[in-house]
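Written below as structure tokens is the structure these notes are about.
The values are calculated or read from the model by the stated rules, or taken from the named source; none is laboratory data. Note that this is a predicted model, so its numbers are computed, not measured. Cβ: placed from backbone, ideal geometry, glycine included. Neighbour counts: every protein chain shown. To get the accessible areas, we keep the full protein, side chains included, count just its heavy atoms, and leave off ligands, DNA and RNA. Shrake-Rupley method; radii C 1.70, N 1.55, O 1.52, S 1.80 Å.
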Amino acid sequence: MNTRTEQYARCIDASKRMRWEIEQDLIRGRVLDADRKFLPDGLSCIQDLDFLTDDDKRLLSQIQGRTYANVFGLVERFICAKVIELSHDYLLNDQVALEGLVRFSDEELKHQELFRRIEQMAAAALPAGYCFAPEPNAVAEAVLSKSTWAVLALTCHIELFTQLHYKQSIAPDMQMSPLFKDVFLYHWREESQHAIMDEIEWRREDARLCEAERDQAVDDLIDLVAAVDNIVCAQADSDADYFCRNTAQTCSATEQACIRATLQKAYRWQFIVSGVQHPRFSRVLAELTCDSQLNRIQQALKPILAAFDSVQQAA
Ligand SMILES: [Fe+2]
Ligand SMILES: [Fe+2]
């Protein structure tokens, strides 16, 4: 077996050991508890909002948790489609790699169903009027129009930050809803293999490209990150409005602006900054790009990273 096949074989092995079913292993008849947080403070940044009561902090973490789950449901639509497309390269040759990617896509289909279930449960636990605007098929169509190299880079970044969020912020938090916590424990268990397969496929795609194609792919990645930023910033506005309509206290215009800014920074941290700063992602990206390409990416990220720095200073 060659190295790639061996790596895929290990992913299949882990995937078989980790395999779980939504209802019988994870949900187990439970509902979301409205008296608990849905997202940990390490992801939600609500510690910045001192003027909120504990009840309002909890509501804001629940709104963020609902959006967090919906964003995963959103991105898994294009991830699954790309993985199925890549699996075609192995149809009549490496059957181990084929199985690895088939399991990967099957797991992402299951995760999308899980996140639809969570959205239904969150709708039952929270006040009416929440809106998650991005439509998965339209977003997937736009993402998949970009080069495979860029889609795999974005996917690798997502599947790495998923693990980081669970280990650093979700696992140590003792005040989260136990069901919400389990959702991301079970999700994390399968995402660990996905991140390995993303990297294998990203490197395989990279080896096929000439320098001009890689240059175009870098531009595509910059476009994709900008698109993610637009989506999460628009959702931050929508979630801030929804929160202000449903909070028990009346927030002043300054407080409302502060809530909006905190949500925007929290979502940028969750979906962009924590991934691009992930050591493994930075290492592979630096390996696959030349200095000027890496510099272009860093320049494009600058305004987003600067916004995050101010969160850190305020915290
Ligand atoms: Fe997933
Ligand atoms: Fe995944």
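Laid out as a table, the results:
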| read-out | value |
| --- | --- |
| Search result, residues across region 74-95 that are part of a helix (DSSP H, G or I) and farther than 22 Å from residue 149 by Cα | 95 |
| Single residue of region 71-107 satisfying the filter (among the charged types (D, E, K, R) and open to solvent by 10 Å² or more (accessible area, probe 1.4 Å)) that is farthest from ligand 2 (Cβ to nearest atom) | 94 |
| Single residue of 36, 77 found to be touching a Pro at 6+ places or on another chain (Cβ under 8 Å) and either within 12 Å of ligand 1 (Cβ to nearest atom) or not charged (D, E, K, R) (or both) | 77 |
| Checking residue 150 against (1) in contact (Cβ under 8 Å) with a residue 60 or more places away in the chain; (2) buried (at least 18 other Cβ atoms within 10 Å of the Cβ); (3) more than 14 Å from ligand 1 (Cβ to nearest atom); (4) farther than 24 Å from residue 276 by Cβ, the condition it does not meet | (4) |
| Residue 252 vs. criteria open to solvent by 20 Å² or more (accessible area, probe 1.4 Å), at pLDDT 95 or above and polar (S, T, N, Q) | no |
